[in-house]
Amino acid sequence: VPILELRNVTHTYADGTTALRGIDVQIPRGEYCLIIGQNGAGKSTLLKHFLNLLQPTSGEALIDGVPLRDFKVSALAQRIGYVPQNPDRQLFNATVEAEVGFSLQATNLDPAARQARLDEALEAMQLVHLRHAHPFSLSKGDRARVVIAAVLALKPEVLVFDEPTTGQDAAGARAILDLTQELHALGHTIVIVTHHLYLMPDYAHRVLVMGHGQLLLDAPIRDAFHAI
Ligand code: ADP
Ligand code: ADP
């Protein structure tokens, strides 16, 4: 059973814009999957279906074969972590530690387990020495890692990144992509949207090309680079 699946998913927004047209896709556990396409192609709309932030107008979105619409968003956050496009908008707390620990408050873990999760996430993102710092005193790269640490604290199997490299130079983009690669090596399934296409054959296994709400290509990334 694939960890994520869309079955003939169509999505029409309230104003009548149809953003997805009959999407069929399966993402097996352990994959590193790149999604590309021009602005307005439907990439964000598709990601939002994996997060249960949007529901299909017709068709079905599933996690491990179970319809996503049956999940509460808070329960789903422990299965699928979402790193949104502008992570700075996610920062609300006065310290790195409070920021990373915040998402754990919505879980039913006991205090000791929360502390362990917090320490583990700070360590994984190399933020231990910054735990008492204010998030906005940090560099852009460190701030991005704070947001990822907050997602990791919930130990989701799947990590969804929406354009994490936007606004970064090639070195900054590489640093973030190297991080996604480490997370993949740790066993996370990765789904990522990025415009840093030329870097991606070093990271992704598979590419989905979207256009006008449809899946134009679904192929191993090396084959796709020969085709494009
Ligand atoms: P991408 O992420 O590939 O840029 P989007 O999924 O954001 O594409 O958008 C797909 C289409 O849906 C576009 O035509 C966009 O204008 C439209 N769209 C996105 N969000 C909404 C919304 N909330 N209401 C109406 N139309 C929307
Ligand atoms: P994203 O790529 O994450 O959708 P945008 O900046 O394109 O970010 O859109 C910001 C918000 O506006 C999103 O919630 C998106 O769904 C919504 N939006 C995008 N396009 C439209 C549109 N044509 N009509 C209404 N809302 C839209």
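The values are calculated or read from the model by the stated rules, or taken from the named source; none is laboratory data. Just so it is clear, the structure is predicted and the values come from calculations on it, not from any experiment. Because the Cβ atoms are built from the backbone with ideal geometry, glycine has one as well, and the counts that use them run over all protein chains shown. Ligands, DNA and RNA are stripped out before the accessible areas are found, and what is left, the full protein with its side chains, is counted by its heavy atoms. Shrake-Rupley method; radii C 1.70, N 1.55, O 1.52, S 1.80 Å.
With the requirement that a residue be open to solvent by 80 Å² or more (accessible area, probe 1.4 Å) and more than 18 Å from Leu6 (Cβ to Cβ), what does the range 188-224 give you?
His195, Tyr198, Asp202, His205, Arg222, Asp223
Only one entry of Phe136, Phe102, Phe92, Phe161 meets the criterion of being within 16 Å of ligand 1 (Cβ to nearest atom) and of a type in the set (Phe, Trp, Tyr), and that entry is Phe161. Glu97 falls short on exactly one of the conditions (1) part of a helix (DSSP H, G or I); (2) within 16 Å of ligand 2 (Cβ to nearest atom); (3) in contact with a helix residue (DSSP H, G or I) (Cβ under 8 Å, 6 or more places away or on another chain), and that condition is (2). For Lys155, state whether it is farther than 19 Å from Ile35 by Cβ, loosely packed, with under 15 Cβ neighbours inside 10 Å and in contact (Cβ under 8 Å) with a residue 40 or more places away in the chain. Answer is yes for this residue. Residue check: is Gln85 open to solvent by 30 Å² or more (accessible area, probe 1.4 Å), under 22 Å from Ala185 (Cα atoms) and part of a loop (DSSP other than H, G, I, E, B)? Against the criterion (open to solvent by 30 Å² or more (accessible area, probe 1.4 Å), under 22 Å from Ala185 (Cα atoms) and part of a loop (DSSP other than H, G, I, E, B)), Gln85 does not qualify. A single member of Ala185, Ala170 is free of Cβ contacts under 8 Å to residues at least 24 places away in the same chain and surrounded by fewer than 19 Cβ atoms within 10 Å (Cβ to Cβ), and it is Ala185. Scanning the range 3-27 for residues that are without any contact (Cβ under 8 Å) to a residue 40 or more places away in the chain and away from ligand 2 (no atom under 12 Å from the Cβ) turns up just one, Gln26.
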